[in-house]
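The block underneath contains the structure these notes are about, expressed in structure tokens.
The values are calculated or read from the model by the stated rules, or taken from the named source; none is laboratory data. Just so it is clear, the model here is predicted, and its values are computed rather than measured. Methodologically, a virtual Cβ is constructed for each residue, glycine included, from the backbone with ideal geometry; neighbour enumeration extends over all protein chains shown. Please note that ligands, DNA and RNA were not included when accessible areas were found on the heavy atoms of the full protein model with its side chains. Shrake-Rupley method; radii C 1.70, N 1.55, O 1.52, S 1.80 Å.
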Amino acid sequence: MSIRDVYIVDAVRTPIGKFGGALSSVRPDDLAAHVVRALVARTPGLDPARVDDVYFGDANGAGEDNRDVARMAVLLAGLPVTVPGVTVNRLCGSGLEAVIQAARAIAVGDASVVLAGGVESMSRAPWVLQKPERAFPAGHQQLHSTTLGWRMTNPRMPAEWTVSLGEGAELIADKHAIGREQQDAFALSSHQKAAAAWEQGLYDGEVVAVEGVDLTRDESIRVGTSMEALAKLKPSFRTDGTGTVTAGNASPLNDGAAALLLVDEEGLRACGREPLARIRASAVTGVEPQLFGLGPVEAVQRALARAGRGFADLTTVELNEAFAAQALGCLAEWPELDPALVNPRGGAIALGHPLGASGARLAGAVAHQLAAAGSGTGLAALCIGVGQGLALVLER
């Protein structure tokens, strides 16, 4: 069996909304449907009935995104009912996992045209109530927030594995001696690059505003922030005087969706469009759960090796900024990588991190950057809660 080439024809995303912000009134299945509808509309030569499958990442799935949000997006977007949909969950890597699984289906000949993406509404993530172990309990019951992080944790898990995500970032800061000022400087740069990219129109061809919502740009970008403003923020996780991770040097809670159109050669002819990029290789790895932020380190190295490429071959990199300490920790373990290539249009600290959508946003961003450059090799990578890393290599 021959392996087929897989192309990214197009990629779109919503503007990313703040927690409780402009997109908080929009259901996640409607966010997903919006990017699916927009993506199909941008390729009028493609008959929607030719879409073989729709893969969508979703990290929580505990609220309005239950019951297979990918299939709901297909139906709400008005695609033919014959188009199926599957939802995948690799926590923060879910959107990129959807892209990788879709590409794999095309590569082995199981599909020719696939939509892949991700969605998350952290604003609308519900509280959940466990069923009692016996009927009719007399006491009070506890609600668990599904917005982010551990909940209903198995008591058999070692305590060091189940620390908060922020404490995990602090552990990486300790490991690599990454101080508060360095983290704040990284965060400031993310905001500055994101603001400049919007001002230069670099996101105009990628972001599709949600109808009925007054939001045209990413809502979490702090245009006027400074090192002085960031320095005033108190540590969020360690309050004993040793903390370095703050709300200013960590990604916020967000809402948003992203989607990509993936095809083989036959699908490319049906679309009648020049592709943005070609998928070259991917890799996933695991690390100790408390050091989840370093998950991309080995995944990136494996993906590059599978692609027959090295750090010197890269022309652009999108590394998800869950925390400044986490991103800087990864960069410290990739001394061959030029930091200037990383997140040239801003990262998640500024743009936002809607969990299930972020990986698809990264893949789309790399594809658009390669298309703008005309050639090159790009990399998208994320750390993942509970200790995983995921990476994808694209080229043009």
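Using the Cβ-Cβ distance between Leu75 and Asp110 with R0 = 25 Å, the FRET efficiency computed as 1/(1 + (r/R0)^6) comes to roughly 0.65.
Counting only other residues whose beta carbon sits under 14 Å from that of Glu333, what net charge do I get with K and R as +1, D and E as -1?
Working: positive: Lys175, Arg302; negative: Glu298, Glu336.
So the environment of Glu333 carries a net charge of 0.
Take 247-256, 262-271 and order them by the average number of nearby Cβ atoms within 10 Å per residue, most first; the result is 247-256, 262-271. In this simple spin-label approximation, His140 and Ala247 carry label points 7 Å from Cα along the Cα→Cβ vector, and these lie 2.5 nm apart.
If you average 1/r across every pair of different Cα atoms in the stretch 133-199 and take the reciprocal, what Kirkwood value do you get, in Å?
Details: mean 1/r = 0.0617 Å⁻¹.
It is 16.2 Å.
For Thr216, put the label point 7 Å out on the Cα→Cβ axis and report which residues of the stretch 13-41 keep their amide N under 14 Å from it. Only 15 fall inside the zone, counting backbone N under 14 Å. At a Förster distance of 45 Å, what's the computed FRET efficiency of Ala185 paired with Glu265, Cβ-Cβ distance as r, to 0.05? That gives a FRET efficiency of 0.50. Based on Cα contacts under 8 Å between residues 6+ apart, the stretch 196-340 shows a relative contact order of 17 percent. Here the Kirkwood formula puts the hydrodynamic radius of the stretch 293-396 at 13.4 Å, using every distinct Cα pair. Summing charges over neighbours of Leu370, with a neighbour being any other residue whose Cβ is under 10 Å away from its Cβ, gives +1 when K and R count +1 and D and E count -1. Packing order of peptides 378-390, 324-336, highest average first: 378-390, 324-336 (average count of other Cβ atoms within 10 Å over each peptide's residues).
Once you compute Rg and the Kirkwood Rh from C-alpha atoms, what is the Rg to Rh ratio for the chain? All intermediate terms of the calculation are to be shown ahead of the outcome.
Values: Rg = 20.2 Å, Rh = 21.0 Å.
Ratio of gyration radius to Kirkwood radius: 0.96.
Within a Cβ distance under 15 Å of Asp218, other residues only, what is the Lys/Arg minus Asp/Glu net charge? Its environment carries a net charge of -2. Cα extents for the stretch 35-177 along the principal axes, largest to smallest and rounded to whole angstrom: 57, 51, 27. In this structure the stretch 325-367 gives 20 Å² per residue of accessible area when probed at 1.4 Å with all protein chains present.
Peptide packing: for 3-12, 59-68, 38-47, the average count of neighbouring Cβ atoms within 10 Å per residue gives the ranking 3-12, 59-68, 38-47, highest mean first.
Heavy atoms only, probe 1.4 Å: what % of the accessible area of the chain goes to carbon and sulfur, would you let me know?
Working: 8330 of 16130 Å².
The C+S portion of the solvent-accessible surface of the chain is 52 percent.
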